[in-house]
Amino acid sequence: MMNREKIVDSKIKFIFQTTLILLISSMLSMSVMGIEPDSEKVLSMYVAYGGPDFIAREFEKETGIKVKYLTMSSGEVLARLRAEKSNPQTDIWFGGGSDAFIRAREEKLIAAYHSPNRKNVKPMFRDKEGYWTGVSIVVVGFLVNQERLKQKGLKQPENWSDLVDPSYRNEIMASNPNTSGTAYTTVSGVLQVMGSEKGWQFLDRMYENIPFLEKSGSAPGKKALAGEFAIGIAPDPHNLPLRNPGAPLVPVFPGDGVLAWPSPVAMINGAKHPNNAKLFIDWCLSPKGQVVLMKASPRVPTTDVKTLKGVPGVSDLNLVAYDHLKWGAAREKVVEKFNDRYPQY
Amino acid sequence: MLSLKKFGLPALFFLLLFVFVAYPTLTVIVKSYEYKGQSGFGTYLMLFTKPYFIGLIRGSVLIALGSAFCSTLLGLFLSILVFKTGLPMRKLVLFAVVLPMIIPGFVTSLSYIFLFGRNGLITFKLLNLSWEIYSWRSVLILQTLGFSTTTFFLISAVLVGVNSQTENAARNLGANEWQVLTTVTLPLVRPGLAAAFLLSFLRSMADFGTPFIVGGRFNTLATMAYTKLIGTYDTATASALSTVLMVFCLIAFWLYFRMERKSQSFRVERQLGGAGLLRLPLLHRSILVSVGVLFSVVMLGLLISVFLAAFTRHLGAGLHFTWDHFRIIPQQGWNSIINTIIFASITCLITTFFGLVIAYLVSRVRFPGGRLLDLLVTLPFAIPGTFMGIGYALAFNRPPLLLSGTWAIVVICTVFRELPLGFRSGDSILKQQERSIEQASENLGDSKTGTFFRIILPMARPALMVSAVYAYITSTKTLGALIFLITPGNKVLSVDIFEATVRGDVGNAAAFSVVLMMIAAGGVGLIALAGKRTGVASRFKLLSKLQIG
């Protein structure tokens, strides 16, 4: 009896050891040979970025990995990741505001990944420890519908300070900082430039001109395109005029300071397809991927690739030295103050 | 053994309903009883001391009362026009009134902005008006139009049952046509009016798409719960808001339930002669006609402008034809279209069949807790969609029932939301069924199960078709409950439309809407076919029962 038990015991031991060795060696070989796609060739993403269908197709062409995605605002992504923390439903968070990524990092919702292509990205546009990497920067400006402006007999706004003019009453559309990165950057950027007290006073006057707020950052620009409002505070104002050549739409980069933040990509903590996710991040930061991203959504890139026609480069803009680390951490407080100060929205 | 056979099936339904109706409901209520990590009424205290919350309740209730009143009145006018006058435009009105069945409310909102918006074709381009479209007024107008189908069916079902002999008796006693209408016909229709009012109130309270898109600054309990959950993931506040919302809905539903029972005990006799037409004076007729024409024109206008928005470049640039908005469909839409059709088909088959089974159990097989089962099945109808969605999202994203992210949770949620429909249609089918045939089958030695499959099911088939198709249509349109449950792998069209709308991509939203309407319109066509075999009166009766989607 004793013998038989021993034999069984040693057999189990043997099986255990071999699997361990196999596991370790496969892990080693993987790290040496570069990343192999997961056995299931799919990648699931939450997207807060323009032109996701084009990006998905190009990535699939390159790697054979099929991308499934859901578009939403960055606040919504954060909310979903928190809800799904115990059972992540997605592999990649692509696009949105860096502030939300900073929060996600604190809450361990995203995982670190040091892509070899990160060296192409300027340090101010990436997380030090590799949790997120900016693929492009988003600039905040105005989209002005010339036709509506003329009909209403209004002047073209050139600066942030113009927006408090009472003649623009009910002709400006913006989004809600509760749900939109663009809106949060506007609010916090104003606070940084003007200081807390003067900043809130300025915002009080600006919001008097805005009848209500949209949920998504990109909606105000589209409302200006549709001629519903004369001015929309919009992310990447050069974008819509490029896509709608006939429209009476003019982008304005405010002369008194352009606000900008990096739009990152990150892998979800506990992603079901981690290798596919890593391949996607590598691809986004590669020269080829950067061109695809620019074609999908003509943004100012974070790496040194040539910009498309109509897209400004970083040096063309009067960028505010926006402290996205500080304001990313302060988001909850600022938004709460916003909600208390503007209960009408 | 016998008891297992007798109680096994009810026990199974009990178990399922407890898990998928009671458990998520309780989860939301428990969650609302949590404040900054501690249990207690903190969230409610915090809410009730904020003026914005009181304003939120007042706004929601006032708009619901307003929409309920206006849509009931509109439904009554249209119903009288179609069934009590011989006016030639009845067909047009009848067509216009079923349109809201296939056009989801948030799609009407889009075309409403297209026509009457700040840069709308009619208001700005044609009349050069500048009125503030984004307000509670637009919510009121759209809900009134949208609920008119429901009120029309509920009122018509009673109106066509009014015995023309009663009206004739009044005439013989010297009443003029106006007196016949106000002293005989309308009092007889009163239960239908009350039911229509309460159901519209309930639907307005629960509606979240319309105020979201056209409300502007105007928020309701339903939209605020959404913003709290999606915006800041404040589950406690979202749950508390939803719980308050549900209390109002439950009250309205309870009143409706009582009203319905009363209107059933007050049985109107079967129509013997032809339709009892009223020969109203010219003034009254012209009022009815103008209401009917205005309603039909607006409804058709809204329908047409969905197509306009889908096929033109963008509002600002005039009306240039383009296919561009449909390009998004092969890129991302096929998945949603297929999902929508599959989910809706599964839902309608399950709810119609099991609805009838449960109705049979409750009314024919006596077992303890029958009333409770009745209540549990009907409950999801009184629960606002957003509440149910939050409940599912919170209850099923952790073990033991880890369902979030699967297609199963979407289907289960729609099945239990539509089950009241199947149950109520099954119930009304059984009430109309001749009991003696069943008894004959049982006397000849067949079991209850055998009787169900060999007698009930074949006899109920035409009516089941109607309710199945209706369940199919309503599940293609479901939004509120699903918005929290959709993940990249299991998208449906209604959520695609909503997302595109929120992004401001009106063209894409309209293109998706056109597809969704075609899917739903196919269903309406089937209802019409099935209806041919059931007759107008019973079809109306059934449709009025089903107006709870």
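Taken together, the values in this text are just the output of simple stated rules run on the coordinates, not laboratory data. In this text, all values refer to a predicted model and were calculated from it rather than measured experimentally. For neighbour counting, all protein chains shown are included, and Cβ atoms are generated from backbone atoms with ideal geometry for every residue, glycine included.
Work out which trypsin sites (Lys or Arg not before Pro) in chain B are exposed loop sites (DSSP not H, G, I, E or B, at most 16 other Cβ within 10 Å) and give the longest gap free of them.
Free of exposed loop sites, the longest segment is B:37-216.
What Kirkwood hydrodynamic radius do you get for the stretch A:138-252 when you take the inverse of the mean 1/r over all pairs of distinct Cα atoms, in Å?
Kirkwood radius, the stretch A:138-252: 13.9 Å.
State the Kirkwood hydrodynamic radius of the stretch B:53-306 in Å, one decimal place, computed from all pairs of distinct Cα atoms.
Its Kirkwood hydrodynamic radius stands at 19.7 Å.
For A:Leu319, enumerate residues with amide H under 5 Å from its amide H, sequence gap 5+ or separate chain, H modeled in the peptide plane.
Under 5 Å from the amide H of A:Leu319 lie the amide H atoms of A:Val258, each far enough along the sequence or on another chain.
Normalising by the residue count of chain B, find the relative contact order in percent from Cα pairs under 8 Å and 6+ residues apart.
Once normalised by length, the contact order is 21 percent.
Can you give me the C-alpha center-to-center distance between the stretch B:164-195 and the stretch A:219-255, rounded to a whole angstrom?
60
Between A:Gln156 and A:Arg243, take the C-beta separation as r, use R0 = 22 Å, and let me know the FRET efficiency to the nearest 0.05.
Efficiency for this residue pair is about 0.55.
Against the globular-protein guess of 2.2 N^0.38 Å, express the Cα radius of gyration of the stretch B:352-424 as a ratio, rounded to two decimals.
1.23
With only Lys, Arg, Asp and Glu charged, each at its Cβ (+1 for the first two, -1 for the last two), find how big the charge dipole of the stretch A:275-339 is about the Cα centre; round to the nearest 20 debye.
So the magnitude is around 160 debye.
Give the span of the stretch A:102-192's Cα atoms along each principal axis, as three whole-Å numbers ordered largest to smallest.
Extents along the principal axes: 53, 27, 22 Å.
Just name one of B:Cys249, B:Thr501, B:Ser345: the one whose Cα is farthest towards the positive end of the charge dipole of chain B (beta-carbon charges, Lys/Arg +1, Asp/Glu -1).
B:Cys249
Report for chain A the percent antiparallel among DSSP-assigned beta bridges with both residues inside it, nearest 5.
DSSP beta bridges in chain A are roughly 65 percent antiparallel.
Against the globular-protein guess of 2.2 N^0.38 Å, express the Cα radius of gyration of the stretch A:237-304 as a ratio, rounded to two decimals.
Cα Rg divided by the expected 2.2 N^0.38 Å: 1.46.
Please give the charge dipole size of the protein assembly as shown, origin at the Cα centre, charges +1 on K and R Cβ atoms and -1 on D and E Cβ atoms. Round to the nearest 20 debye.
Roughly 1860 debye for the protein assembly as shown.
For the stretch B:495-501, what does the Karplus curve 6.51 cos²θ - 1.76 cosθ + 1.60, with θ = phi - 60°, yield as ³J(HN,Hα) per residue in whole Hz, taken in order and with x for Gly and Pro?
6, 4, 4, 4, 4, 4, 5
Can you work out the Karplus-derived ³J(HN,Hα) for every residue in the stretch B:128-136? Use 6.51 cos²θ - 1.76 cosθ + 1.60 with θ = phi - 60°, whole Hz, and x for glycine or proline.
Residue by residue, the stretch B:128-136 yields 6, 8, 10, 10, 7, 6, 7, 7, 5 Hz.
Quick one: if you take sqrt(5λ) for each eigenvalue of the C-alpha gyration tensor of the stretch B:176-256, what semi-axes come out, biggest first, whole angstrom?
Ellipsoid half-lengths, sorted descending, are 38, 15, 6 Å.
When 1/r is averaged over all different Cα pairs and the result inverted, which Kirkwood radius in Å belongs to the protein assembly as shown?
29.7
Quick check: the distance between the Cα centres of the stretch B:412-457 and the stretch B:25-102, to the nearest angstrom?
33
Going through the cross-link list A:Lys108/A:Lys333; A:Lys215/A:Lys288; A:Lys152/A:Lys215; A:Lys215/A:Lys326; A:Lys223/B:Lys491; B:Lys36/B:Lys491, which pairs have a Cα-Cα distance over 28 Å in this structure?
A:Lys215/A:Lys288; B:Lys36/B:Lys491
Please report the relative contact order for the stretch A:91-235, taking Cα pairs under 8 Å with a sequence separation of at least 6, and give it as a percent rounded to a whole number.
Across the stretch A:91-235, relative contact order equals 29 percent.
Taking every pair of alpha-carbon atoms in chain B, give the share separated by more than 29 Å as a whole percent.
Distances greater than 29 Å cover 55 percent of the Cα pairs.
If you plug each phi of the stretch B:121-126 into the Karplus form 6.51 cos²θ - 1.76 cosθ + 1.60 with θ = phi - 60°, what whole-Hz ³J(HN,Hα) values come out, in order, with x for Gly and Pro?
Ordered by residue, 3J(HN,Hα) equals 4, 7, 5, 9, 5, 8 Hz.
Once Lys and Arg get +1 and Asp and Glu get -1 on their Cβ, which of B:Leu127, B:Ser32, B:Leu74 lies farthest toward the positive end of the dipole of chain B?
Farthest along the dipole direction, towards plus: B:Leu74.
Which is farthest toward the positive dipole end of the stretch B:53-306 among B:Pro88, B:Ser239, B:Tyr112, measuring Cα position about the Cα centre, with Cβ charges +1 (Lys, Arg) and -1 (Asp, Glu)?
The Cα lying farthest towards the positive end belongs to B:Pro88.
Only helices at least 20 Å long along their own axis, judged from Cα atoms, and with Kyte-Doolittle mean hydropathy of -1.0 or greater: name those in chain A from DSSP H.
Membrane-span-like by this criterion, though nothing is claimed about a membrane: A:2-33.
Run through all the Cα pairs of the stretch A:51-97 and give the fraction in each 5 Å bin from 0, expressed as whole percent.
Values per bin, smallest distances first: 5, 19, 26, 22, 15, 12, 2.
Using the basic label-point model (7 angstrom from Cα toward the beta carbon), what is the A:Lys119 to B:Ala175 distance in nanometres?
So the two model labels end up 9.4 nm from each other.
Set the Förster distance to 56 Å, then compute FRET efficiency between B:Arg190 and A:Asn339 from the Cβ-Cβ distance, nearest 0.05.
0.75
In Å, what is the Rg of the alpha-carbon atoms in chain A, and how long is Dmax?
For chain A, the Cα-based Rg and Dmax read 23.7, 100 Å.
Dipole magnitude of the stretch B:53-306 about its Cα centre, charges +1 at Lys/Arg Cβ and -1 at Asp/Glu Cβ only, in debye to the nearest 20?
280
What 222 nm value per residue comes from the helices of the protein assembly as shown, counting each DSSP H run with n ≥ 4 as -39,500 (n - 2.57) and dividing by all residues, nearest 500 deg cm²/dmol?
Here the helix-only value at 222 nm equals -19500 deg cm²/dmol.
Which cross-chain or sequence-distant (5 or more) residues have an amide H under 5 Å from the amide H of A:Val67, H modelled 1.01 Å from N in plane?
Placed amide hydrogens put A:Leu43 under 5 Å from A:Val67.
May I ask you to sort A:Glu336, A:Glu197 by Cβ crowding, counting other Cβ atoms within 10 Å and putting the fewest first?
Taking fewest neighbouring Cβ atoms as first place, the list is A:Glu197, A:Glu336.
Hey, what did the stretch B:53-306 get for relative contact order, percent, Cα under 8 Å, at least 6 apart?
Answer for the stretch B:53-306 is 33 percent.
Given the C-alpha centroids of the stretch A:87-125 and the stretch B:463-502, what is the distance between them in whole angstrom?
When both Cα centres are located, 33 Å separates them.
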